[in-house]
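Student: Pasting a structure here, questions to come.
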Amino acid sequence: MTVQGIIFDLGWTLVDFVADYEREVEPRRIAALGACLARYGLPIEAPDLYRRFQAHQQILREVGTPLLYEYPARLALLRALREALPDGLPDSLLDSAHQALYALLADYWEPYEDTFETVERLREAGYRLAILSNTNDDSHVRRIVDRSGLRPWFDPIHTSAGLGLRKPHPRPFRLILETWALPPSEVVVVGDTLSADVLGAHRAGMRAIWVHRFSPISDNAEHEGRIIPEAVVERLGELPGVITGW
């Protein structure tokens, strides 16, 4: 059946992370958190609070992942702050600390060289385009989309943090189908992760195209040969030809 809509993953599908996280990004996040704490005059060391935050993120991830729940980063941060400040939090501290940790992250994501050319070709061909991204912070993804200039091409844009469910749960995919009023047979999923994008597409009754490139957080090696996409591409620029062929 003819494809009418395309659901894209974001990270390592449409955009690439272009920095060394531990050497470049993490120190900036900790410094920004320290500046935030200093404004409140709080007796907390930023590296200690950051470690607590990371630990609570890991706990929530371990609890949520088997159920495909997405617990937001703000919950981990709130738990870390309450742990470090058991006598109570100053007003607006949670919002300020969250902003400090996440506002700068979008600076390190850049569209691939063929991203805009590809989505423009797809839109001109009449396809409807959406983004569905696994993340524990909805605002982070929306900053990436806006900073990268991608928003005009995609509607809707959903995240696991915003919906509370992670790919490959079929419900986020079906929500987009309902928004578009299209059957699964007329929508294809494009992403870099077999266990999230491709498996999620299949669970929702859709076909999937695997963008076969490096992703540091994927478990593709574990699932290659077991989760089989309907097509594989090395570059986004190959998509229009593959989809037209269907």
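The values are calculated or read from the model by the stated rules, or taken from the named source; none is laboratory data. Note that the structure is predicted; figures quoted are calculated from it, not measured. Here Cβ is always computed from backbone atoms with ideal geometry, including for glycine, and neighbour counts include all displayed protein chains.
Listed here are the residues, each with its yes/no results for (1) surrounded by fewer than 18 Cβ atoms within 10 Å (Cβ to Cβ); (2) closer than 18 Å to Leu89 by Cα.
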| residue | (1), (2) |
| --- | --- |
| Gln4 | yes, no |
| Gly11 | no, no |
| Phe17 | yes, no |
| Tyr21 | yes, no |
| Pro27 | yes, no |
| Ala31 | yes, no |
| Ala35 | yes, yes |
| Tyr40 | yes, yes |
| Glu45 | yes, yes |
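Student: Let me confirm something: among Glu222, Glu238, which residue is part of a helix (DSSP H, G or I) and surrounded by 14 or more Cβ atoms within 10 Å (Cβ to Cβ)? Explain how you work it out, then say what you get.
Tutor: Values: Glu222 fails: surrounded by 14 or more Cβ atoms within 10 Å (Cβ to Cβ).
Result: Glu238 is the single residue among Glu222, Glu238 that is part of a helix (DSSP H, G or I) and surrounded by 14 or more Cβ atoms within 10 Å (Cβ to Cβ).
Student: Every residue in the stretch 132-166 that is over 27 Å from Asp95 (Cα atoms) and either without any contact (Cβ under 8 Å) to a residue 60 or more places away in the chain or touching a Pro at 6+ places or on another chain (Cβ under 7 Å) (or both), please. Please lay out each step first, then the result.
Tutor: Step one: of the stretch 132-166, the residues over 27 Å from Asp95 (Cα atoms) are 152-155.
Of everything in the stretch 132-166, those that are over 27 Å from Asp95 (Cα atoms) and either without any contact (Cβ under 8 Å) to a residue 60 or more places away in the chain or touching a Pro at 6+ places or on another chain (Cβ under 7 Å) (or both) turn out to be Pro152, Trp153, Asp155.
Student: A further question follows. Among helices (runs of 4 or more DSSP H) lying entirely in the stretch 58-153, which contain 2 or more residues that are outside the structural domain of Arg166 (by TED's automatic domain parsing) and on the phi < 0 side of the Ramachandran plot?
Tutor: Answer list for the stretch 58-153: 73-84, 93-102.
Student: Considering every residue within the stretch 220-229, establish whether at least one is in contact with a Phe, Trp or Tyr (Cβ under 8 Å, 6 or more places away or on another chain) and assigned by TED's automatic domain parsing to the domain that holds Gly11. Please lay out each step first, then the result.
Tutor: Filtering the stretch 220-229 down to residues in contact with a Phe, Trp or Tyr (Cβ under 8 Å, 6 or more places away or on another chain) leaves 229.
Still in the running and assigned by TED's automatic domain parsing to the domain that holds Gly11: 229.
Yes: the stretch 220-229 contains one or more residues that are in contact with a Phe, Trp or Tyr (Cβ under 8 Å, 6 or more places away or on another chain) and assigned by TED's automatic domain parsing to the domain that holds Gly11.
Student: In this structure, is Thr13 closer than 19 Å to Ser218 by Cβ and in the same structural domain as Ala208 (by TED's automatic domain parsing)?
Tutor: Details: closer than 19 Å to Ser218 by Cβ: yes; in the same structural domain as Ala208 (by TED's automatic domain parsing): yes.
Against the criterion (closer than 19 Å to Ser218 by Cβ and in the same structural domain as Ala208 (by TED's automatic domain parsing)), Thr13 qualifies.
Student: Answer with yes or no whether Tyr69 is touching a residue at least 24 places away in the same chain (Cβ under 8 Å) and either in contact with a His (Cβ under 6 Å, 6 or more places away or on another chain) or buried (at least 18 other Cβ atoms within 10 Å of the Cβ) (or both). First the steps, then the outcome.
Tutor: Values: touching a residue at least 24 places away in the same chain (Cβ under 8 Å): yes; either in contact with a His (Cβ under 6 Å, 6 or more places away or on another chain) or buried (at least 18 other Cβ atoms within 10 Å of the Cβ) (or both): no.
In short, no.
Student: On to the next question. May I ask you to list pairs of residues, at least six apart or on different chains, whose Cβ atoms are under 7 Å apart, with the first in the stretch 4-26 being more than 18 Å from Thr193 (Cβ to Cβ) and the second being in a strand (DSSP E or B) and not hydrophobic (A, V, I, L, M, F, W, C)?
Tutor: Gln4/Arg128; Gly5/Arg128; Val18/Glu110
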